[in-house]
Structure formats: structure tokens, C-alpha cells
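Chemist: Got a structure for you, written out below as C-alpha cells; questions coming shortly.
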């Protein structure tokens, strides 16, 4: 009888164990939402940002994760501003996310951030540029990358200080054209570029927007040919920028300098699309800086991250979006969340505002210090910066500022006929 009751007790215990809900016996994870364009016309940009975020998660997970738990993502696909709103709301209300990373595309990020702020959910933005995103006094939003005002001011200054002298043209005689895709991203950069150029005494002969969905930019190019600019500044996405540059060649429209905003021209895909024609094109973007400029910690992180990009994604030279996606996520996973102690939004906010990273601890040479509540740009990384790079001999090299320059600027751009003779 005694053995019967012992066996019965074992069966009851075993049965009770099997009846425990699976989440309670499975390995616990730290679930974080991720909002990016995983499909649609910006899927390439979303993919590269996602890969950077994933490398950061892999590195932290291999170090024991966060609070001893592995990072797990719950994804939301932002194909339009409306879908960004819907996906943000789903992640928060249905999936229970208290923290969301990502945010590529200014229009979509602007829309999604209204939802995250409404529900007091931290939105850790990796890649969205429009200035107004951090000009609304939001306290649950933190943006790592530089805002549109930075782009416009730096590009105008570079044209004045570097391009004009290189072309042998006085700044007041230089003819500048500003073209941009017409959503929040392109418009906010262009709206800064024009007054900054004019403040520096340069002539803006064209300022014109276009749809990033356009399949023919010939009318825009005809307008530019009539205006005869020396320099063309562009703010666009991958597909429309490639289309514009290809049609410039088809219509024999020549520029002395062509300067883009952000990661678009810094994409390896720009070189794949344009081949040798990519040479001489300038871009304001990010890069993995010379390890000699970094602290021992920065060098170690850079070396490991670059190795992992190559091993996991077969990317030997990560593009700007890869890099900034990684760096923003690494700051969150490795520094901020361990200090916060939980995903509680107030704890994360406190840790984010206390986070203070010097430039040389970052693999891309960007420090990090977020503007506090009450600041005109609350939630903006006040140490965000970018470097001017140029395609030279089918390689992207830093040309400005001088402190990190790998080569001198090569200008003027050869005409399309001259390029034919160079081959």
C-alpha cells in the first residue's frame, strides 16, 4: 500500500509539472519590439538596419544577454506611415512591448512615435532624420542619429569651404541645385540646405522636390540642365537616387560635384548599380573609423562587429545603415538596459539620460549624450555626427573633416564623355 501511494505521488507530481504553462518553464527572454520597413520600397534600407541591430543582439547574447536573459525581437513592418501607427499599436497593446527599437524613414517614425509616446513606451530610434521628430518635447523617445538640421548645415559648409575652392569658383559665383524626395526626410533636409547655402553667399538656382516612387525623373533633369548648376545636392532613398544618376548619364547632364545625404550613396548597392560611374560622388554618412582613433574598448567592439557582419551576412564592408543600426542598438543592449535593471519605461528613461559615451568608444566615432526633457531637442543624441565620404576607385573613403580624411577630394567630376575616354 505504501509503495502504491509513493508511485501515485510521483505520477501526480509529474502530471502537475506537465500542466505548468510553457512560458513558465521555457527559457526566459527579454522581448523588444522592432519597427522597420521589412517589405516594400524601403525594404533594403530596413534590412540593413535590421542586420546591424541583430549583430548587436548577438554580441550581447553571447555575453550572457541582459540580466541573464537572451534578447528576442517582436517585429513590426512599417510599409507606410499608417502601417507604422498600426504596427506600433499592435506591438504595445497586443504583444505587450515596453520598448521598441528601429524607426527607419522619417515619415513613418514620426507617425509611430505619436503612438509610443501616447502609451509611454520607449522608442529607441536608430535611423530617422527629420528634425521635428525630436522637437516636440517627447520624453519616451531617443534618437541616436543626426537630425536634418545637421545634414543641411554640414553639407552647405562643405560646399563653401571645400567644393568651391576645389572647383576654383568663388562661393558667391557658385551655382547650387537642391533636389529631394518630397516626404519628411527629403523636405526637412532641403529646407535647411537652402537658407544655409544662401547665408554663406551661394546661389541656389533650383530647389525642387520629386516623388521617391517616380519611374522617370527626366523632367527634373531637364529643369536642372536649363539652370546649369555647378553642384547638385540630393536627399533621397536608394531607388530614386540610382534612377536620377542613371538618367543624368542617359541625358548627358553633367555636374561638377554631386553630393548626397545620409546612407543612400554610402550603400554598397550604389556602387553595384553604378559601377565606375560611382566614382567622384560625395555622401554625408557613417563609416567604421580608423581603429587607431578608438579607445581599446572601441577597437575591440569594432573588430568583433565587423567580423560578425562578414560571418553572418557576408558583408565585408558594412554600409552606413548597418553601422548606425548596430551602434544605437549596442548602446541600448550593452549599457543602458543593464543599468536600467528592467524594461520599465521610467527605469529605461533614467538610464538613457545618464548614459554618457565619448567619441572614441564608438566604432563609428560618434559619442552619445541624450538631450534631457525641456531641451529644445529632447531625446536627441547631441554628439551625433557624420563624415563626408567620396567614391574613389570604387571605394568609399573619408575626405572630411581633415582629422579623419583618408584621401583628398577629387573634383571636378569628369563629364560623361570624359568618363568614356578614361575606360
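The values are calculated or read from the model by the stated rules, or taken from the named source; none is laboratory data. In this text, all values refer to a predicted model and were calculated from it rather than measured experimentally. Virtual Cβ from ideal backbone geometry, glycine too; neighbours counted across all protein chains shown.
Chemist: Which numbered condition in (1) modelled with pLDDT under 95; (2) surrounded by fewer than 15 Cβ atoms within 10 Å (Cβ to Cβ); (3) touching a strand residue (DSSP E or B) at 6+ places or on another chain (Cβ under 9 Å) is the only one that residue 19 fails?
Modeler: Unmet condition: (3).
Chemist: Ok, one more. Inside the range 341-353, can you point out the residues that are within 18 Å of residue 371 (Cα to Cα) and in contact with a strand residue (DSSP E or B) (Cβ under 9 Å, 6 or more places away or on another chain)?
Modeler: 345, 348, 349, 352, 353 - these are the residues of the range 341-353 that are within 18 Å of residue 371 (Cα to Cα) and in contact with a strand residue (DSSP E or B) (Cβ under 9 Å, 6 or more places away or on another chain).
Chemist: For the range 333-346, which positions are more than 23 Å from residue 297 (Cα to Cα), touching a residue at least 40 places away in the same chain (Cβ under 8 Å) and assigned to a helix (DSSP H, G or I)?
Modeler: Across the range 333-346, the qualifying residue is only 345.
Chemist: Could you list, in sequence order, the residues of the range 272-319 that are in a helix (DSSP H, G or I) and touching a strand residue (DSSP E or B) at 6+ places or on another chain (Cβ under 7 Å)? Spell out the reasoning first.
Modeler: Step one: filter the range 272-319 for residues in a helix (DSSP H, G or I), giving 272-278, 291-293, 296-313.
Residue satisfying the conditions is 278 alone.
Chemist: Cβ contacts < 7 Å: first residue free of Cβ contacts under 8 Å to residues at least 12 places away in the same chain and on the phi < 0 side of the Ramachandran plot, restricted to the range 40-69; second residue crowded, with 21+ Cβ neighbours inside 10 Å and assigned to a loop (DSSP other than H, G, I, E, B), any location; separation 6+ or different chain. Result?
Modeler: Cβ pairs passing all conditions: 43/37.
Chemist: While we're on this one: Can you name every residue in the range 351-370 that is within 21 Å of residue 133 (Cβ to Cβ), touching a residue at least 40 places away in the same chain (Cβ under 8 Å) and not in a loop (DSSP other than H, G, I, E, B)?
Modeler: 352, 368, 370
Chemist: Looking at 134, 109 in this structure, which one is crowded, with 24+ Cβ neighbours inside 10 Å, in contact (Cβ under 8 Å) with a residue 12 or more places away in the chain and over 17 Å from residue 42 (Cβ atoms)?
Modeler: That would be 134, the only listed residue that is crowded, with 24+ Cβ neighbours inside 10 Å, in contact (Cβ under 8 Å) with a residue 12 or more places away in the chain and over 17 Å from residue 42 (Cβ atoms).
Conditions tested, residue by residue: (1) in contact with a strand residue (DSSP E or B) (Cβ under 6 Å, 6 or more places away or on another chain); (2) more than 20 Å from residue 235 (Cα to Cα); (3) buried (at least 24 other Cβ atoms within 10 Å of the Cβ).
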residue	(1), (2), (3)
127	no, no, yes
138	no, yes, no
144	yes, no, yes
153	no, no, no
176	yes, no, yes
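Chemist: For residue 287, are the conditions met, namely being within 20 Å of the chain's Cα centre (by Cα) and modelled with pLDDT under 95?
Modeler: Criteria met by residue 287.
Table: residues versus (1) under 19 Å from residue 144 (Cβ atoms); (2) loosely packed, with under 15 Cβ neighbours inside 10 Å; (3) without any contact (Cβ under 8 Å) to a residue 60 or more places away in the chain.
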position	(1), (2), (3)
348	yes, no, no
372	yes, yes, yes
379	yes, no, no
385	yes, no, no
403	no, yes, yes
414	no, no, no
418	no, yes, yes
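Chemist: If you don't mind, there's one more thing I want to ask. Would the range 183-193 turn up any residue that is within 24 Å of residue 410 (Cα to Cα) and either in contact (Cβ under 8 Å) with a residue 40 or more places away in the chain or surrounded by 20 or more Cβ atoms within 10 Å (Cβ to Cβ) (or both)?
Modeler: yes
Chemist: Would you confirm whether any residue within the range 246-261 is crowded, with 19+ Cβ neighbours inside 10 Å, at pLDDT below 95 and either in contact with a strand residue (DSSP E or B) (Cβ under 6 Å, 6 or more places away or on another chain) or in a strand (DSSP E or B) (or both)?
Modeler: For the range 246-261, residues crowded, with 19+ Cβ neighbours inside 10 Å, at pLDDT below 95 and either in contact with a strand residue (DSSP E or B) (Cβ under 6 Å, 6 or more places away or on another chain) or in a strand (DSSP E or B) (or both): present.
Chemist: Among (1) in contact with a strand residue (DSSP E or B) (Cβ under 6 Å, 6 or more places away or on another chain); (2) closer than 20 Å to residue 330 by Cα, there is one condition residue 68 misses while meeting the rest; what is its number?
Modeler: So the condition that residue 68 fails would be (1).
Chemist: Using the structure shown, decide if residue 213 is under 29 Å from residue 112 (Cα atoms), in contact (Cβ under 8 Å) with a residue 24 or more places away in the chain and surrounded by fewer than 16 Cβ atoms within 10 Å (Cβ to Cβ).
Modeler: In short, yes.
Chemist: Could you check the range 158-186 and list, in sequence order, the residues that are within 22 Å of the chain's Cα centre (by Cα) and within 19 Å of residue 283 (Cβ to Cβ)? Explain how you work it out, then say what you get.
Modeler: Keep residues of the range 158-186 that are within 22 Å of the chain's Cα centre (by Cα), which gives 158, 178-186.
Once the filter is applied, which keeps residues that are within 22 Å of the chain's Cα centre (by Cα) and within 19 Å of residue 283 (Cβ to Cβ), the range 158-186 yields 158, 178, 179, 180, 181, 185, 186.
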